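Asks: Submitted below is the structure of interest, expressed as structure tokens.
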Amino acid sequence: MLVTAYLAIVFLLALCVVLELTARRISPPQSPAAVANPVFRCFQTIFLRAYLLALWADWLQGPYLYKLYRHYSFLESQIAILYVCGLASCVLFAPFSGWLLQALGRRQTCLLFCLSYSACCLTKLSRDYFVLIVGRVLGGLSTSLLTTAFEAWYVHRHVDVHDFPKDWIPSTFAKAATWNHGLAVGAGLAANLLAEWLHLGPVAPFLLAVPCLLGCGWVVLKDWGKEEAGEGSEGDKQTLLAPSIAGVIHMSARARFLRSCHDGLRCLLSDRRVMLLGGVQALFESVLYIFVFLWTPVLDPHGPPLGIVFSCLMAASMAGSLLYRLATSTRYRLQPGHVLCLAVLMAFFSFFMLTFSTAPGQPRPHESFLAFLLLELASGLYFPAVSFLQGRVIPEEKRAAVLAWFRLPLHLLACLGLLALHGEVSGTGGGEAGSGTRHMFGGCAVMMLAALMAVVSLFTLGRNDTDLRLEGTRGEGEMF
């Protein structure tokens, strides 16, 4: 497995370079106005400087989380509960993070993210189970803030403060997505360097994440500036108002939040396309959360460098994202619906392979590793495809609320899956994956099959729906 992991990372990085060069050659150039505008470039750089530090700190914690808990001699069932606590906190804090944006302000919420995630990382120094549970809860809060606060700050400042054209926004997040893949690969290499090559142990990547988060907070505090009066920073305004008026403001924020949730649920229930897309997202992404828990106990008994394996997985995801760019380009003209269907089918085949490669007493780690790479390749295809479709079927003003409702069953399914694994008499000792792990992969394959049926139903329903198609493509408008 050691040689396999190093050969795989070299091959995958070379593949990503080739795909990136090919995609740049055939993709349309960025808007010349955005490139030539020095004020926009400066604003974009200030945002990315903080946001990429936050993403880097987040990725550093991926490769060795499970390994750290095993290093502290916790059982697999106890580790599953820790993961469930993290996912459950995501469910609880997802709507709360939206309220924080309105109550504290966007910039202050980003600072809260830096503090809460730093505290989460520092809890990893403790061997106390309760302290680690608190750390997972803080991690759930931080993840919710990372996915909402930074984007909310950028969009608000882009449109309402600087008055840049809205069609420049995708260029910033496309650049962030490109850097994000590279950061994920680099985080695995850095974590491997600290934990294994320098023999600092599995806690070292978490300690490295703390100064990165503090650096992110410093950039936010120093370069992002204060939100001006009237821009939605109600937390700042409350310090200047009487307590009774502050209470009215809090009630107003709460009312807006509740109205937003109600409108999002009504949009979800009134449009069958939105409901089917939400079902696909809940099924696909919940099994990815389960995969995050399971890949380490499946491969670790066979001695691969976990940081390098993590980098391989992230490089496979990067390759999938680049393949999506190529497939939907004007040269190949593949529809996002086709790509989404292919991604779900690949994920199903991956979990089908894993039900055989993790058989108790007959583990086949090389086949499991290949299946994990295939799953990450599928996820790289899936995310841009589902993002495109969400942008087409969900109204912009209701998108945040609808996506919050999407995440609710997503996290619940993942929690139920991990609790089911916790209930199994599972064991990974002696280099073997237990029957619980194999059963879980079988359950994930069934969920992927249900997601595939939802995809087919979605595009059967919208066969002639131009909202689900890329502009300028040939054909009669049918998705299948």
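Asks: Applying the selection to region 46-64, what residues are under 16 Å from the mean Cα position of the chain (by Cα) and under 19 Å from Ser144 (Cα atoms)?
Replies: Tyr51, Leu52, Leu53, Ala54, Leu55, Trp56, Ala57, Asp58, Trp59, Leu60, Gln61, Gly62
Asks: Between a residue in region 148-174 that is within 25 Å of Leu112 (Cα to Cα) and any residue that is of a type in the set (Lys, Arg) and open to solvent by 30 Å² or more (accessible area, probe 1.4 Å), which pairs come within a Cβ distance under 8 Å, given they are 6 or more apart or on different chains?
Replies: Sorted first by the residue in region 148-174, then by its partner, the pairs are Ala149/Arg106; Ala152/Arg106; Trp153/Arg106; His156/Arg106; His158/Lys166; Val159/Lys166.
Asks: Among Ala204, Ala177, Ala190, which is surrounded by fewer than 22 Cβ atoms within 10 Å (Cβ to Cβ), within 28 Å of Cys312 (Cβ to Cβ) and under 17 Å from the mean Cα position of the chain (by Cα)?
Replies: Exactly one residue qualifies, and that residue is Ala177.
Asks: Can you name every residue in region 277-303 that is of a type in the set (Phe, Trp, Tyr) and surrounded by 22 or more Cβ atoms within 10 Å (Cβ to Cβ)?
Replies: Answer for region 277-303, where residues must be of a type in the set (Phe, Trp, Tyr) and surrounded by 22 or more Cβ atoms within 10 Å (Cβ to Cβ): Phe284, Phe291, Phe293, Trp295.
Asks: Return the residue satisfying two criteria in turn: it lies in region 354-373 and is over 23 Å from Leu7 (Cβ atoms) and outside any helix (DSSP H, G or I), and of such residues it is least open to solvent (accessible area, probe 1.4 Å).
Replies: Filtering first and then ranking leaves Ala359.
Asks: Does Thr109 fit the bill of being surrounded by 20 or more Cβ atoms within 10 Å (Cβ to Cβ) and more than 25 Å from Leu200 (Cβ to Cβ)?
Replies: Answer is yes for this residue.
Asks: Need the failing condition index for Glu376 against (1) within 17 Å of the chain's Cα centre (by Cα); (2) crowded, with 17+ Cβ neighbours inside 10 Å; (3) free of Cβ contacts under 8 Å to residues at least 60 places away in the same chain, just the number.
Replies: Glu376 satisfies every listed condition except (3).
Asks: Moving to a separate point now. Kindly indicate whether Leu122 is open to solvent by 20 Å² or more (accessible area, probe 1.4 Å) and modelled with pLDDT of 95 or more.
Replies: Yes; evaluated as a whole, the condition is true for this residue.
Asks: Could you please find all residues in region 330-353 being of a type in the set (Ser, Thr, Tyr) and either assigned to a helix (DSSP H, G or I) or in contact with a Ser or Thr (Cβ under 6 Å, 6 or more places away or on another chain) (or both)?
Replies: Ser350 - this is the single residue of region 330-353 that is of a type in the set (Ser, Thr, Tyr) and either assigned to a helix (DSSP H, G or I) or in contact with a Ser or Thr (Cβ under 6 Å, 6 or more places away or on another chain) (or both).
Asks: Looking at region 328-352 only, could you name the residues that are more than 15 Å from Val287 (Cα to Cα) and open to solvent by 20 Å² or more (accessible area, probe 1.4 Å)?
Replies: The answer is Thr328, Thr330, Arg331, Tyr332, Arg333, Leu334, His338, Cys341, Leu342.
Asks: In region 65-83, is there at least one residue being of a type in the set (D, E, K, R) and open to solvent by less than 40 Å² (accessible area, probe 1.4 Å)?
Replies: Within region 65-83, one or more residues are of a type in the set (D, E, K, R) and open to solvent by less than 40 Å² (accessible area, probe 1.4 Å).
Asks: Go through region 103-137 and give me each residue that's in contact (Cβ under 8 Å) with a residue 40 or more places away in the chain, out of contact with any helix residue (DSSP H, G or I) (no Cβ under 7 Å at 6 or more places or on another chain) and of a type in the set (D, E, K, R).
Replies: Arg127
Asks: Then there's this: Considering only region 107-119, I want to know if a residue exists there that is more than 25 Å from Leu193 (Cβ to Cβ), of a type outside the set (D, E, K, R) and outside any helix (DSSP H, G or I).
Replies: No: zero hits.
The values are calculated or read from the model by the stated rules, or taken from the named source; none is laboratory data. Keep in mind that this is a model prediction, so the values were computed, not measured. Note that each Cβ is placed from the backbone with ideal geometry, even for glycine, and that neighbours are counted across all protein chains shown. In case anyone asks, the SASA skips ligands and DNA or RNA and just uses the protein heavy atoms, side chains included. Shrake-Rupley method; radii C 1.70, N 1.55, O 1.52, S 1.80 Å.
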